[in-house]
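I have placed the structure first, in the form of structure tokens, so that the comments after it can refer back to it.
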Amino acid sequence: MKLATLKNGSRDGRLLVVSRDLRRAVEAPEDVASTLQAALDDWDNVAPRLAELSDALNAGKAAGAFDLDVRQLHSPLPRAYQWVDGSAYINHVKLVRMARNAEIPESLWTDPLMYQGASDCFIGPTDPIYAVSEDWGIDFEGEIAVITGDVPMGATPEQCRDCIRLIVLVNDVSLRNLIPDELAKGFGFVQSKPASAFSPVAVTPDELGDAWDGSRVRLPLTVHLNGEKFGEPMAGDEMVFDFAQLISHVAKTRPLVAGSIVGAGTVSNPDENGGPGKPISEGGVGYSCLAEVRMVEKILYGEIRTPFMRFGDRVRIEMFDKDGNSIFGAIDQEVVRYEGRT
């Protein structure tokens, strides 16, 4: 089933069940769950009732159904108890570290890179990306994440696999020019990682069919920049650590509560010869962030040719099934100058 959150003036919005074709929606009954977090808190009891409503909606038999307008949606979880992002695609790690002259860790293949992100206020899937200055190096990062149920401390990857409740797409907005000085302090991202955005809907793993192997999504992630295809890398092929391993890594010393979001990092593929990847225009699968193409340009041409995002630029992140149908809906955002409280 597919779930979304309608903006209704409250912080956590109103839980919607969405049709498979993303055209229709219906509010979940109050006595079932009014918000997605409430559903996750009591998933074993609530999920079957939401699934029944989903079946009725897809059959055209759900009372109170209405046409869905994604512009009225929050991210599925407008705020979350925890947002932890990884970097499971080694090609991305190599390129962005080269871009800031940082060393490649020896443990790259054996120990996941992860950080604790801000989760108190996510951006809606079609809301603006606000920034004060273009000098910050505004970048998008196309990612996939999972939303968990309760995960006990010390859970194994096998146990964590069963804790995955929902899957979402992510735009992990990054301010690249703020990152080097911030990380040089040795204490992690803060200012350089503003609020992230998530896809209009969150889907249960069964919605992906055989494209979900239990811990990876085996489909391409499509990214457009200003209306032109920028990237379409495969999400499963180069993922060194799967979602179960990433969740287990976080849970090593602490439990995760239901509604925790765990990301796998920017989807990234090298080219067929093991190089850093080729642009779409050169027959490659392209990229899911600007930092990568800038580093590739530096490697190939000795200079960076692609700027970071400017005010008025628009990014669109989406994933399609084998029949060309949008699975999660699109994250579709414009960069806008921040001039005061929004």
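The values are calculated or read from the model by the stated rules, or taken from the named source; none is laboratory data. What you see is a predicted model; the values in this text were computed from it and never measured. Because the Cβ atoms are built from the backbone with ideal geometry, glycine has one as well, and the counts that use them run over all protein chains shown. For accessibility, only protein heavy atoms count, side chains too; no ligands or nucleic acids. Shrake-Rupley method; radii C 1.70, N 1.55, O 1.52, S 1.80 Å.
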Largest-first principal axis extents, alpha carbons of the range 3-104, Å: 58, 28, 27
What one gets for the range 63-179 as the Kirkwood radius, inverse of mean 1/r over different Cα pairs in Å, is 17.0 Å
Using only helices, what value at 222 nm comes out for the chain when you add -39,500 (n - 2.57) per DSSP H run of length 4 or more and divide by the total residues, to the nearest 500 deg cm²/dmol? -5000 deg cm²/dmol
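Can you classify the range 140-222 as rounded, prolate or oblate using the Cα gyration tensor, where a ≥ b ≥ c are the square roots of its eigenvalues, rounded means a/c under 1.5, and otherwise it's prolate if a/b beats b/c and oblate if not?
Numbers: a/c = 2.67, a/b = 1.57, b/c = 1.70.
Judged from the Cα gyration tensor, the range 140-222 comes out oblate (a/c at least 1.5, b/c at or above a/b).
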Cα-based shape type of the range 4-54, given that a ≥ b ≥ c are square roots of the gyration tensor eigenvalues and the cut on a/c is 1.5: oblate
Estimated inter-spin distance, Ala51 and Ser326, nm [label 7 Å along Cα→Cβ]: 2.7 nm
Among Asn273, Asn171, Asn101, which one shows the biggest mean-square fluctuation in a GNM of the chain, springs joining Cα atoms closer than 10 Å? Asn273
Out of the total accessible area of the chain (probe 1.4 Å, heavy atoms of protein only), what percent is carbon and sulfur? 47 percent
In whole Å, what is the distance between the alpha-carbon centres of the range 268-303 and the range 214-263? 20 Å
Computed on Cα atoms, the radius of gyration and Dmax of the chain in angstrom are 19.3, 61
Quick one: work out Rg over Rh on the C-alpha atoms of the range 54-101, Rh as Kirkwood radius. 1.30
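Stretched out fully, how many nm does the piece from Ala63 to Gln116 gain, at 0.36 nm a residue minus the Cα gap?
Full extension from Ala63 to Gln116 adds 15.0 nm.
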Return the lysines within reach of Lys193: Cα separation strictly under 30 angstrom, same-chain partners fewer than 8 residues apart disregarded; answer none if there are no such residues. Lys2, Lys7, Lys94, Lys185, Lys229, Lys252, Lys278, Lys298
Surrounding charge for Val46, neighbours by C-beta under 13 angstrom, Lys/Arg +1, Asp/Glu -1, total -4
For the range 312-318, Karplus couplings with θ = phi - 60° (6.51, -1.76, 1.60), whole Hz, Gly/Pro x: x, 5, 10, 10, 10, 10, 7
If Lys and Arg each add +1 and Asp and Glu each add -1, what is the summed charge of the other residues whose beta carbon sits under 10 Å from the beta carbon of Gly227? +2
Report the local net charge at Asp242: Lys and Arg +1, Asp and Glu -1, summed over other residues whose C-beta lies under 10 Å from its C-beta. +1
Does the range 232-342 come out rounded, prolate or oblate, given a ≥ b ≥ c as the square roots of the eigenvalues of its C-alpha gyration tensor, rounded meaning a/c under 1.5 and, failing that, prolate meaning a/b above b/c? oblate
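Looking only at the chain, where both bridge partners belong to it, what percent of the DSSP beta bridges are antiparallel (to the nearest 5)? Numbers along the way, then the final one.
Working: 52 of 59 bridges.
The antiparallel fraction comes to roughly 90 percent.
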Tell me the angle of helix 290-301 to the major Cα principal axis of the chain, expressed in degrees between 0 and 90 and rounded to the nearest ten. 30 degrees
Provide the per residue accessible area, probe 1.4 Å, for the range 96-138, rounded to a whole number of square angstrom. 57 Å²
